[in-house]
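Presented below is the structure to which this report refers.
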Amino acid sequence: MNMPEEVKTVTKKDIVMKVSNETNLTQIDVKKIVQRTLDVIVESLERGETVELRNFGVFKVKNRRGRLGRNPRTGEEVSVPEKKVVVFKPGLILKQKVK
C-alpha cells in the first residue's frame, strides 16, 4: 500500500530565510521587503485593482453571486449573500513549472 506524500508548507519565514541566504541581506531587511510587497498587493486588491506579476500570475477581485444554500444540520434553505473573493490565475511559466 502506497503512503501518501507529505505536503510541505512553505511559510513567510522560510521565504525570508531563503532570500536572505541567497542575497546576503539580513533577515530583518528581507522580512520588511516581503511584508511590504504583500501589503501593496492587499492594498491594491482592496481598491479593486488587478495585480499582475509577469510569469507568475494575476490576482483579482471578483464578485461571487448570492445563492440559495442549505444548512447541512437542519436541511433548511438559507440565503447566501453576494460577496467579493480574491482569485488567482497562474501565469504560463508557473503552470509549466508546477506540471
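Scanning segment 35-72 for residues that are among the hydroxyl-bearing types (Ser, Thr, Tyr) and in contact with a strand residue (DSSP E or B) (Cβ under 7 Å, 6 or more places away or on another chain), we see that the one that is surrounded by the fewest Cβ atoms within 10 Å (Cβ to Cβ) is THR50. Residues that are under 25 Å from VAL87 (Cα atoms), of a type outside the set (Val, Ile, Thr) and loosely packed, with under 11 Cβ neighbours inside 10 Å within segment 1-34 comprise just one, LYS8.
Could you say whether any residue in segment 17-36 is at pLDDT below 95 and of a type in the set (Asp, Glu)?
Applying the first criterion (at pLDDT below 95) to segment 17-36 yields 24.
Filter once more, so that each one left must be of a type in the set (Asp, Glu): none.
No, there is no match, as no residue in segment 17-36 is at pLDDT below 95 and of a type in the set (Asp, Glu).
Per-residue answers, yes or no, for (1) in the same structural domain as LYS97 (by TED's automatic domain parsing); (2) without any contact (Cβ under 8 Å) to a residue 24 or more places away in the chain:
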site: MET17; (1), (2): no, yes
site: SER20; (1), (2): no, yes
site: ILE28; (1), (2): no, yes
site: LYS31; (1), (2): no, yes
site: GLN35; (1), (2): no, yes
site: VAL42; (1), (2): no, yes
site: LYS60; (1), (2): yes, no
site: ARG65; (1), (2): yes, yes
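Condition check: in the same structural domain as LYS97 (by TED's automatic domain parsing) and surrounded by 11 or more Cβ atoms within 10 Å (Cβ to Cβ). Does GLY75 satisfy that? Criteria not met by GLY75. Where strands (runs of 3 or more DSSP E) fall wholly inside segment 23-91, no range has 3 or more residues that are within 24 Å of LYS13 (Cα to Cα) and touching an Asp or Glu at 6+ places or on another chain (Cβ under 9 Å).
On the basis of being polar (S, T, N, Q) and touching a Gly at 6+ places or on another chain (Cβ under 6 Å), does ASN71 make the cut?
Values: polar (S, T, N, Q): yes; touching a Gly at 6+ places or on another chain (Cβ under 6 Å): no.
Answer is no for this residue.
Among the numbered conditions (1) in contact with a Pro (Cβ under 7 Å, 6 or more places away or on another chain); (2) at negative phi; (3) at pLDDT 95 or above, the only one that VAL85 does not meet is (1).
The values are calculated or read from the model by the stated rules, or taken from the named source; none is laboratory data. These numbers were taken from a predicted model, which means no experiment stands behind them. Using ideal geometry, Cβ is built from the backbone for each residue, glycine included, and neighbour counts are taken over all protein chains shown.
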